[in-house]
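The values are calculated or read from the model by the stated rules, or taken from the named source; none is laboratory data. Just so we're clear, the structure is a prediction, and the values are computed from it rather than from any experiment. Virtual Cβ from ideal backbone geometry, glycine too; neighbours counted across all protein chains shown.
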Amino acid sequence: MKIRKVGVIGAGQMGNGIAQVCAQAGYDVGLNDVSKDRIEAGLATINGNLARRAKSGKISEADRDATLSRISPVASYEGFGDYDLVIESAVEDEAVKRKIYQSLCPHLKPDCLVGTNTSSISITRLAAATDRPEKFMGIHFMNPVPVMELVELIRGIATDENTFSTAKAFAVSLNKTVAVAEDFPAFIVNRILLPMINEAIYTLYEGVGGVEAIDTAMKLGARHPMGPLELADFIGLDTCLSVMQVLYEGLADSKYRPCPLLVKYVEAGWLGRKTNRGFYDYRGEKPIPTR
């Protein structure tokens, strides 16, 4: 199957990044979200990202204009009727995702593939909420999408070989490297990364070290480009908590229990960079630890 038109549902941090890399690779892209304002905000972010790349000489102004011309707002799921692949990149909430598929699928052509950018939820279970489980696939991009080189591909139990080979060729066409993961909670990257972040939060919770000490220790002592608490803020503490809950519930092992301090921050609405407060306060000139 040949992919020509790619739909993206969700114009947030991940969705607009997926739309950008698809358009840069020459695909016609439709971007959808729950409101016109969110779609416009996503398009503005893409425009800003491309402007910075053009200014630094990484792409030409002509490339920037061509990329932007390939991305169109799609107001409703009916607009995806002639698309070849639609990737859902909504919030990491299974109920929300299932509702999207139930509303989306009746408008798709029979051979349209459906992908999900979930970072942790069972592909098999999500596929069962669609009318095409054999054409459903986990296509998990890393954040920030235009920069990170990896895409995790995850088959559900019903995913057919043609869907997998098409998704793999699509990911490679975006200049991404593919890692194939089995359909277990959180797949590969987040199965390893999020428990490390959760343990860093426990280290803070138990008073072993402060925010800056923990991040400095891991940056200088383990050569991590970002400290785990800084990274948690970048990912979004709500997303971190969602992934840990999936791991804890899916694997029934106490080592995956979300740290109570992570729960507390999410309850406070301190979700990291996107709300200007998390383990750091981003409202001033430079980030200040909140603990």
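The table below lists the values:
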read-out	value
Some residue of segment 257-280 being over 21 Å from Asn143 (Cβ atoms) and of a type in the set (Ser, Thr, Tyr)	no
So Lys264, is it closer than 26 Å to Thr118 by Cβ and assigned to a helix (DSSP H, G or I)	yes
Looking only at segment 1-12, and only at residues there that are touching a strand residue (DSSP E or B) at 6+ places or on another chain (Cβ under 6 Å) and in a loop (DSSP other than H, G, I, E, B), the one that is surrounded by the fewest Cβ atoms within 10 Å (Cβ to Cβ)	Ile3
Boolean, Ala232 is crowded, with 16+ Cβ neighbours inside 10 Å, of a type in the set (Gly, Ala, Ser), under 20 Å from the mean Cα position of the chain (by Cα) and more than 30 Å from Arg132 (Cα to Cα)	yes
Number of the condition not met by Ala75 [criteria: (1) under 19 Å from Ala11 (Cα atoms); (2) touching a residue at least 60 places away in the same chain (Cβ under 8 Å)]	(2)
Checklist (1) surrounded by 21 or more Cβ atoms within 10 Å (Cβ to Cβ); (2) acidic (Asp, Glu); (3) farther than 11 Å from Phe279 by Cβ applied to Glu206, failing item	(1)
Where Leu271 falls short, out of the listed (1) of a type in the set (A, V, I, L, M, F, W, C); (2) surrounded by fewer than 21 Cβ atoms within 10 Å (Cβ to Cβ); (3) within 18 Å of Met14 (Cβ to Cβ); (4) in contact with a Gly (Cβ under 6 Å, 6 or more places away or on another chain)	(2)
Total residues in segment 206-232, condition over 19 Å from Val243 (Cα atoms) and assigned to a helix (DSSP H, G or I)	11
Identity of the residue in segment 200-232, of a type in the set (D, E, K, R) and in contact (Cβ under 8 Å) with a residue 40 or more places away in the chain, that ends up nearest to Ala252 (Cα to Cα)	Glu230
Unmet criterion (only one of (1) within 22 Å of Lys274 (Cα to Cα); (2) in contact with an Asp or Glu (Cβ under 9 Å, 6 or more places away or on another chain); (3) surrounded by 23 or more Cβ atoms within 10 Å (Cβ to Cβ)) for Gly138	(1)
Residue within segment 22-41 that is within 19 Å of Asn175 (Cβ to Cβ), part of a helix (DSSP H, G or I) and in contact with a strand residue (DSSP E or B) (Cβ under 6 Å, 6 or more places away or on another chain) present	yes
Verdict on Thr239 being crowded, with 21+ Cβ neighbours inside 10 Å and polar (S, T, N, Q)	yes
Hey, Asp33 surrounded by 20 or more Cβ atoms within 10 Å (Cβ to Cβ) and among the acidic types (Asp, Glu) or not	yes
Qualifying residue in segment 247-256 (condition: touching a strand residue (DSSP E or B) at 6+ places or on another chain (Cβ under 8 Å) and at negative phi)	no
Condition check for Ile59: without any contact (Cβ under 8 Å) to a residue 40 or more places away in the chain, farther than 23 Å from Ala127 by Cβ and crowded, with 20+ Cβ neighbours inside 10 Å	no
Among (1) crowded, with 21+ Cβ neighbours inside 10 Å; (2) under 21 Å from the mean Cα position of the chain (by Cα) - the single one Pro258 does not satisfy	(1)
Answer from Gly15, Gly57, Gly48 - the residue that is part of a loop (DSSP other than H, G, I, E, B), within 22 Å of Val147 (Cα to Cα) and not assigned by TED's automatic domain parsing to the domain that holds Gln245	Gly57
Per-region count, segment 60-74, residues assigned to a loop (DSSP other than H, G, I, E, B) and modelled with pLDDT of 95 or more	2
